[in-house]
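Data first, discussion second: the structure below is written as structure tokens.
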Amino acid sequence: MSDFLLSVRDLKKYFPGPRQGIFGKHATLKAVDGVSFDLARGEVLSLVGESGSGKSTVGRTVLRLDKPTGGSIRFDGQELAGLDDRGLRPFRRRMQLVFQDPYSSLNPKMRVEDIVGAPLEIHEPSLSRDARRQKVEEILGLVGLLPSHAERYPHQFSGGQRQRLGIARALITHPELVVADEPVSALDVSVQAQVVTLMLALRRQLGLTILFISHDLAVVGYLSDRVAVMYLGRLVELAPTRALFTSPRHPYTEALLSAMPVPDPDAPRRRITLAGDMPSPLDPPSGCAFRSRCGYAQPACAVTRPELREMAPGHFKACLRDDLALVAPSMGAAA
Amino acid sequence: MEADTVLEVRNFSVSFGILPAVRDVSFSLKPGETLALVGESGSGKSVTSLGILKLTPPAPFCRIEGQALLRTRKGDVVDLVTASADAMRGLRGREAAMIFQEPMTSLNPVHPVGAQVGEALRFHQGLSKRAALAQAAELLDLVGIPDARRRLGAFPHELSGGMRQRVMIALALACEPVLLIADEPTTALDVTIQAQILELLQRLQQRTKMGVLFITHNLGVVAEIADRVMVMYAGRVVEQAPVRRLFHAPLMPYTRGLLRSVPRPDFSGAEQPPLEAIPGSVPDPLAPPPGCSFSPRCGHFAPGLCDSVSPPLSVAEPDHLVRCARWADVAGAA
Amino acid sequence: MSTTASTPPAGAAAQVIRPRGPGAFRRFSRHRLAALSLVLILSLTLACIIVPPLLPFSDTEIDIMQRFASPFTGPHLLGTDPLGRDTLARLLMAGRISLSVGFSAMAISMVIGIAVGLYAGFYGGRIGAILMRFVDAMLCFPSIFLLLAISAFLQPSVGSIIMLIAATSWMEVARLVEAQIRALRARDFAVAARAIGASDRRVMFRELLPNAVAPIVVAATLNVAHAILAESYISFLGYGIQPPTPSWGNMLENAQSYLTSAPWLAIIPGAAITLAVTGFNFIGDGLRDALDPRQEAR
């Protein structure tokens, strides 16, 4: 048994982009372009980035819902990258996905009992109907729902309850790895706090390893052990949460942190406003992909593509400039 | 209506059939002021904003009651609730404009953005086609669209989400309205783009002195842009206060719960402080709980008091209103 | 929660019981024409099954003395044909044939259409594309000519007519199912099913297909109407159900020569066809409205 539950090396996922001209070749959309990280057992690693950064694609490729274009995905020491559906089946119960949209992720025509119990039906077909029902009721209790909810249909639940159902389905086979893809972004603030608290409690109780994908830095800072920041398909910074929030080393991280709205009218605001939008992943800038929006860019940034380097123990960044003194924003006083 | 007020809403209610979506909302807005309307889904915040501009479905399906007095640029006072459909068409855009969460649905996909902004200018200001296009380019430049003159010919789908929202803002500001209603304008955007748009809105507001009614569920955004805040829950205003007061001395237990449920990473200690979530969920609008609609989720619930009568809005301070039967006790307990 | 008796809480008045449960049936029955059509089709079907053995005349019984009897005049309620056979008995027996052709052709075309659509929509790719182009090609032929062309080479029988009609009416269903499945398989719940290791078959039949039932049911209803009409065409043109087996189509054909002298011979089966076809069409309309969840608010 290795120390790391999940080791991802140089993961690449390319999609065919639009065709260039009628008879031209498809452009290549490099959604994920060389991402490496390890996930220790029991750890929560957050993957942060804006839309189009490729963070969700990493999550889905790691779970092998998409076939990687290149690189290696080792789960508990075993390589997943080359396996087909049949080869993957034994791993499915050990790694699960929680979705962002609590509405489209539950089949509207199925009862909760069948939705939440489906993984058991597939992985433990010998289980009797009653035994399965009992396990469903147990897991519903674990996520804060009632046993009687097993009879209902998804539309009879609120958004927060639906997200609990999604978590229940993910946990019923006792997976070791859970990929949570923006699990709270679609929820109201007060409900979001319920689900975050639930996930933290379940992690402690069940010893889950979580890859938490989010664009919400406040939630990420709150619940993760380490944070990886993605920009245009690549990691630009990877660090323990505290280090990332208190002494960011990459200009993009600095800008992200400064753009985070702080719920305190008196919080000092020193905002680094990034110019423009994220460039198209079909045509990323040469050298450092962030240079087109970076306030610290130099001519060298257009030439050399920076690799992730370890700047302090466990703190990696992909930026050529080591002479920057970047600032961490205030998080505002707790109420 | 006081002289320095752009919009005064009195006892405003909106209902869809037997379903009351907004009940008895009153507030006023001064020129250059930003009033944030905060609430979760189903609180009635968006219906309030749509109802003020009468963008809700027509009469038999949706009933609007109360008053919404708008002071036009010329100084006339118009009640939007009783205004005719024709009058509303003239007022929307010229005096009161609105921007939405998803700009793609509010922009016409088959016309270039320049033509759409120009069209608004021609309709409301009677400009010639040429003059309108020239002014459209100026406006797009003003909202921070790089190379605005060239972008006039761009179609909405060719622009990014942030750029589309800028076009929407340009469209809304085409006739320098006195009132801008912004319904979750940054919710669909990434944080770095959200920061850009908020900054843009603040800059434009300083320039035009328009009153802004900003609808959002994001308390971080509220803290950044609002002068005053109104919190809605289950169709009613439950608290209204200047932004500092609301964040530092909230009185309504719901507001307190909302503020506490926002995660604020704190790296001073070894562990993060626990998040305090509000238990339960928003009540079913067709079967509201008796008494105070927040009572089933409230930590200060007093049997016999909170579940019998719906509390009125109490004046805690001249500019601080709260709808809670126990606000004095709650304030003392904290 | 207890409420004090003195002040009736404002909320209590608004405690309206929300209509829940099978709203589809309620919405269907509110669609008056559809409900009426359903009653009509059901009684027509029942009549075809139950009534013939109870009649005093069988459909093949030739009564030379009673040729061309007018309706409502003698012992023959709806009159007789040139051979003196009872029109009512023949109409009902023909109904058995025509309706079973309609239902069977529908069932077969649904099976083919769903299978093709499901496969093409779920797997897509080259085979899916080839299948759908084949569907498009089939749709290019006006189906009535296709029907006539093929039936000219075939030995007409009830079975072959059913197969023929089914073979020319599954394409719309395939297209519909393909589009539905393609849209549904991109939804998160389908991804979720794959993430738990569900087999393709399970994803198709347990997760996706039940979500496409509403449009399929509507298409099936309209398909029955189409099949009844198609059977009438080809039988009327003489390529379909062959006498002495009666069908609504060949009853019409027989009536051609006597249009002026015995118009009821054409009017009666014509009315049956019209009623059945419009009935199924109205039921389809009603189902479309009833099964559309967006109508829930009404």
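The values are calculated or read from the model by the stated rules, or taken from the named source; none is laboratory data. Being a predicted model, the structure only gives us computed values, none of them experimental. Glycine also receives a Cβ, built like all others from the backbone with ideal geometry; neighbour counts cover every protein chain displayed. Areas reflect the complete protein model, heavy atoms only, side chains present, ligands, DNA and RNA absent. Shrake-Rupley method; radii C 1.70, N 1.55, O 1.52, S 1.80 Å.
For A:ALA289, are the conditions met, namely being within 14 Å of chain B (Cβ to nearest Cβ), of a type in the set (A, V, I, L, M, F, W, C) and closer than 24 Å to B:GLN196 by Cβ?
When the stated conditions are applied, A:ALA289 does not pass them.
Among the residues of the range B:294-317, write down those that are facing another protein chain (nearest Cβ under 8 Å) and either in contact with a helix residue (DSSP H, G or I) (Cβ under 7 Å, 6 or more places away or on another chain) or aromatic (Phe, Trp, Tyr) (or both).
Passing the criteria: B:ASP307, B:SER310.
Show the residue pairs meeting these rules: Cβ distance below 9 Å; 6+ apart or different chains; first residue within the range C:52-68 and in contact (Cβ under 8 Å) with a residue 60 or more places away in the chain and open to solvent by less than 60 Å² (accessible area, probe 1.4 Å); second residue in a loop (DSSP other than H, G, I, E, B) and of a type in the set (Phe, Trp, Tyr).
Going by the 9 Å Cβ cut-off, there are no qualifying pairs.
Go through the range B:188-215 and give me each residue that's among the β-branched types (Val, Ile, Thr) and within 10 Å of chain A (Cβ to nearest Cβ).
Correct list: B:VAL191, B:THR192, B:ILE193.
Tell me, which residue of the range B:247-269 that is in a loop (DSSP other than H, G, I, E, B) and more than 7 Å from every other protein chain (Cβ to nearest Cβ) is nearest to B:SER293 (Cα to Cα)?
Among residues in the range B:247-269 that are in a loop (DSSP other than H, G, I, E, B) and more than 7 Å from every other protein chain (Cβ to nearest Cβ), the one nearest to B:SER293 (Cα to Cα) is B:MET252.
Here is a check on your reading of the model: is A:VAL58 more than 14 Å from chain C (Cβ to nearest Cβ), assigned to a helix (DSSP H, G or I) and buried (at least 21 other Cβ atoms within 10 Å of the Cβ)?
Considered against the rule, which asks whether it is more than 14 Å from chain C (Cβ to nearest Cβ), assigned to a helix (DSSP H, G or I) and buried (at least 21 other Cβ atoms within 10 Å of the Cβ), A:VAL58 comes out as yes.
Restricting attention to the range B:35-92, and to residues there that are of a type in the set (Ser, Thr, Tyr) and without any contact (Cβ under 8 Å) to a residue 40 or more places away in the chain, which single residue is most open to solvent (accessible area, probe 1.4 Å)?
Ranking the qualifying residues of the range B:35-92, first place goes to B:THR82.
Looking at A:LEU200 and the list (1) in a helix (DSSP H, G or I); (2) within 14 Å of chain B (Cβ to nearest Cβ); (3) in contact with an Asp or Glu (Cβ under 6 Å, 6 or more places away or on another chain), which single condition is not satisfied?
It is condition (3) that A:LEU200 fails.
Taking the criterion of being over 17 Å from the mean Cα position of the chain (by Cα), part of a helix (DSSP H, G or I) and surrounded by fewer than 24 Cβ atoms within 10 Å (Cβ to Cβ), would at least one residue in the range C:212-232 satisfy it?
yes
Test C:ILE162 against the criterion of being open to solvent by 50 Å² or more (accessible area, probe 1.4 Å), in a helix (DSSP H, G or I) and not hydroxyl-bearing (Ser, Thr, Tyr), and give yes or no.
no
Could you identify the single residue in B:VAL282, B:VAL315 that is open to solvent by 40 Å² or more (accessible area, probe 1.4 Å) and in contact with a Gly (Cβ under 6 Å, 6 or more places away or on another chain)?
Answer to the check: B:VAL282.
Which of (1) farther than 18 Å from A:LYS30 by Cβ; (2) open to solvent by 40 Å² or more (accessible area, probe 1.4 Å); (3) more than 12 Å from chain B (Cβ to nearest Cβ) does A:ASP283 not meet, given it meets every other one?
(1)
State whether one or more residues within the range A:230-245 are at the interface with chain B (Cβ under 7 Å from one of its Cβ atoms), out of contact with any Ser or Thr (no Cβ under 7 Å at 6 or more places or on another chain) and over 14 Å from B:THR192 (Cα atoms).
The answer is yes; a qualifying residue exists.
What pairs can you find where one residue is in the range A:72-98 and free of Cβ contacts under 8 Å to residues at least 40 places away in the same chain and of a type outside the set (Phe, Trp, Tyr), the other is open to solvent by 40 Å² or more (accessible area, probe 1.4 Å) and not in a strand (DSSP E or B), and their Cβ atoms are less than 6 Å apart, with a gap of 6+ or different chains?
none
Tally time: how many residues in the range A:61-79 are open to solvent by less than 10 Å² (accessible area, probe 1.4 Å) and over 12 Å from A:GLY233 (Cβ atoms)?
Residues in the range A:61-79 being open to solvent by less than 10 Å² (accessible area, probe 1.4 Å) and over 12 Å from A:GLY233 (Cβ atoms): 4 in total.
Can you name every one of the strands (runs of 3 or more DSSP E) wholly within the range B:4-46 that holds 1 or more residues which are farther than 23 Å from B:PRO185 by Cα and not basic (Lys, Arg)?
Because the criterion is at least 1 residues that are farther than 23 Å from B:PRO185 by Cα and not basic (Lys, Arg), the strands (runs of 3 or more DSSP E) in the range B:4-46 that meet it are B:7-16, B:19-29.
Which of the following residues is in contact with a Phe, Trp or Tyr (Cβ under 8 Å, 6 or more places away or on another chain) and open to solvent by 20 Å² or more (accessible area, probe 1.4 Å): A:LEU39, A:LEU47, A:LEU29, A:LEU6?
A:LEU29
Among the residues of the range A:203-217 satisfying the criterion of being surrounded by fewer than 23 Cβ atoms within 10 Å (Cβ to Cβ) and part of a helix (DSSP H, G or I), which is farthest from the other protein chains (Cβ to nearest Cβ)?
Here the residue is A:LEU206.
When only residues in the range B:249-279 that are touching a Pro at 6+ places or on another chain (Cβ under 8 Å) and open to solvent by 10 Å² or more (accessible area, probe 1.4 Å) count, which is nearest to A:VAL195 (Cα to Cα)?
B:LEU275
Does C:SER261 count as among the hydroxyl-bearing types (Ser, Thr, Tyr) and under 30 Å from C:PHE68 (Cα atoms)?
yes
Among the residues of the range B:95-122, what is the count of those that are over 22 Å from B:ILE52 (Cα atoms) and assigned to a helix (DSSP H, G or I)?
10
Of the conditions (1) buried (at least 17 other Cβ atoms within 10 Å of the Cβ); (2) under 15 Å from A:SER7 (Cβ atoms); (3) not aliphatic (A, V, I, L, M), A:GLU113 satisfies every one except a single condition; which number is it?
(2)
Right, A:ALA218: among the aliphatic types (A, V, I, L, M) and farther than 24 Å from A:ARG41 by Cα or not?
It is false that A:ALA218 is among the aliphatic types (A, V, I, L, M) and farther than 24 Å from A:ARG41 by Cα.
Any idea which of B:ILE169, B:ILE193 is among the hydrophobic types (A, V, I, L, M, F, W, C), part of a helix (DSSP H, G or I) and in contact with a Gly (Cβ under 7 Å, 6 or more places away or on another chain)?
Criteria check complete, one pass: B:ILE193.
Would you mind telling me which numbered condition in (1) open to solvent by less than 10 Å² (accessible area, probe 1.4 Å); (2) more than 10 Å from chain B (Cβ to nearest Cβ) A:ARG270 fails?
Just one mismatch for A:ARG270, condition (1).
Run down A:PHE212, A:PHE245 and say which single residue is touching a strand residue (DSSP E or B) at 6+ places or on another chain (Cβ under 6 Å) and farther than 22 Å from A:GLN298 by Cβ.
Checking each option against the conditions leaves just A:PHE212.
For (1) more than 14 Å from chain A (Cβ to nearest Cβ); (2) among the basic types (Lys, Arg); (3) open to solvent by 50 Å² or more (accessible area, probe 1.4 Å); (4) outside any loop (DSSP other than H, G, I, E, B), each residue gets a yes or a no:
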| position | (1), (2), (3), (4) |
| --- | --- |
| C:LEU184 | no, no, no, yes |
| C:ALA198 | no, no, no, no |
| C:ARG201 | no, yes, yes, yes |
| C:ARG206 | no, yes, yes, yes |
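Identify all residues within the range B:174-196 that are closer than 18 Å to B:LEU35 by Cβ and open to solvent by less than 10 Å² (accessible area, probe 1.4 Å); write none if there are none.
B:PRO177, B:LEU179, B:LEU180, B:ILE181, B:ALA182, B:PRO185, B:THR186 - these are the residues of the range B:174-196 that are closer than 18 Å to B:LEU35 by Cβ and open to solvent by less than 10 Å² (accessible area, probe 1.4 Å).
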